[in-house]
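Remarks on the structure that follows.
The values are calculated or read from the model by the stated rules, or taken from the named source; none is laboratory data. Only a predicted model underlies this, so the values are computations on that prediction, with no experimental measurement involved. Positions of Cβ are backbone-derived with ideal geometry, glycine not excepted, and every protein chain shown enters the neighbour counts.
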Amino acid sequence: MQKYSDLFIQNIKNLPIWVKQVIAKEILESLEKQMTDFSELVQIHDLFQYMRPLVTYKGQTELKEKNRNFSDGYYVFMQDLLNGDNIFEITLKNNWSLCDSAKIFLKLLEEGYLFVDNFLANRNVALAMFMAGKIKTGEFLIKIKRINDAQLQQALKYQKQLNSEGRHVKMASVLIKLGFVSDKGLDSLLLLKEESKKRLTTNVGLTSIKYNTDDARSDQIYRLQRELSRLENENNAMKKRLKKLLNL
């Protein structure tokens, strides 16, 4: 089956050149500044989205037997990895946010169903933990060796002092004030965390996708049906919470 990411990029390439010129100018000007700031903390050429962790024997066994009764997303994630997809492709294909993928990735990694070489020192694993809310800003900066433990302790002490004085500030502000990181670099990092919660709507219809087999088409239809069911359940849950809040 043709990759979703290829279709998405091809849709952009198919635009008239006079439209692409404007898009390129606007995006490049914005990216040039954002990426310069962001590169202080994360290497642009080595993104979490490019990762394709290995599915271990334990993971492949669980994929076949499903003894743990994980939700569908975990099994889909492992199967897509075995099919050769990276995290970017998996995220697009399943209409997830990057934060969703990060949470699934971390759970499977922690359980031993995935393998990443030297994962404790892997900057992308640390970034996934940060996006998924597993670690806070200071912990992330220590993991990528942007600050050391002594600096973090100093920042925590200063933050506690400010809080006791009634001046409640976030750790990011403290780290910037102490000069351990730049405001631009940290702003870009926090923006990534917030943006990672968003889903990308590619507007790629089923008729645009080239399927190699009927099974591939059926698999994609199943994915869409599963996603519609999930969204419907979320909607019903939100309605129940709203009724409860309004005492209806």
Handout entry: Leu108 touching a strand residue (DSSP E or B) at 6+ places or on another chain (Cβ under 6 Å) and either modelled with pLDDT of 95 or more or farther than 30 Å from Ser188 by Cβ (or both)
Key = yes
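Yes/no matrix, rows are residues, columns are (1) closer than 23 Å to Glu195 by Cα; (2) at pLDDT 75 or above:
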position	(1), (2)
Gln2	no, no
Ile12	yes, yes
Pro16	no, yes
Lys20	no, yes
Glu26	yes, yes
Glu29	yes, no
Met35	yes, no
Exercise for the section: Considering each residue of segment 144-166, count those that are among the polar types (S, T, N, Q) and surrounded by 19 or more Cβ atoms within 10 Å (Cβ to Cβ), and give that number. Expected result: 1
Problem - Boolean, Val169 is without any contact (Cβ under 8 Å) to a residue 12 or more places away in the chain, surrounded by 12 or more Cβ atoms within 10 Å (Cβ to Cβ) and among the β-branched types (Val, Ile, Thr) - result: yes
Practice task
Assess whether Leu127 counts as being assigned by TED's automatic domain parsing to the domain that holds Pro53 and surrounded by 18 or more Cβ atoms within 10 Å (Cβ to Cβ).
Solution key: yes
Handout entry: Meets criteria (assigned by TED's automatic domain parsing to the domain that holds Ile90 and not charged (D, E, K, R)) for Leu152
Key = no
Practice task
Check off (1) at pLDDT 70 or above; (2) under 26 Å from the mean Cα position of the chain (by Cα) for Thr202 and give me the number that stays unchecked.
Solution key: (1)
Practice task
Give the residues of segment 112-136 that are more than 15 Å from the chain's Cα centre (by Cα), part of a loop (DSSP other than H, G, I, E, B) and not aliphatic (A, V, I, L, M), sorted by residue number.
Solution key: Gly112, Tyr113, Asp117, Asn118, Asn122, Lys136
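Residues checked against (1) in contact with a helix residue (DSSP H, G or I) (Cβ under 7 Å, 6 or more places away or on another chain); (2) closer than 30 Å to Leu7 by Cα:
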| residue | (1), (2) |
| --- | --- |
| Lys134 | yes, no |
| Gln161 | no, no |
| Arg167 | no, no |
| Leu191 | no, yes |
| Leu200 | yes, yes |
Completion exercise
Flagged pairs (Cβ under 8 angstrom, 6 or more apart or on separate chains; first in segment 59-86, in contact (Cβ under 8 Å) with a residue 60 or more places away in the chain and under 28 Å from Asp6 (Cβ atoms); second of a type outside the set (Asp, Glu) and assigned to a loop (DSSP other than H, G, I, E, B)) are Val76/Asn94; Asp85/Lys3; Asp85/Arg52
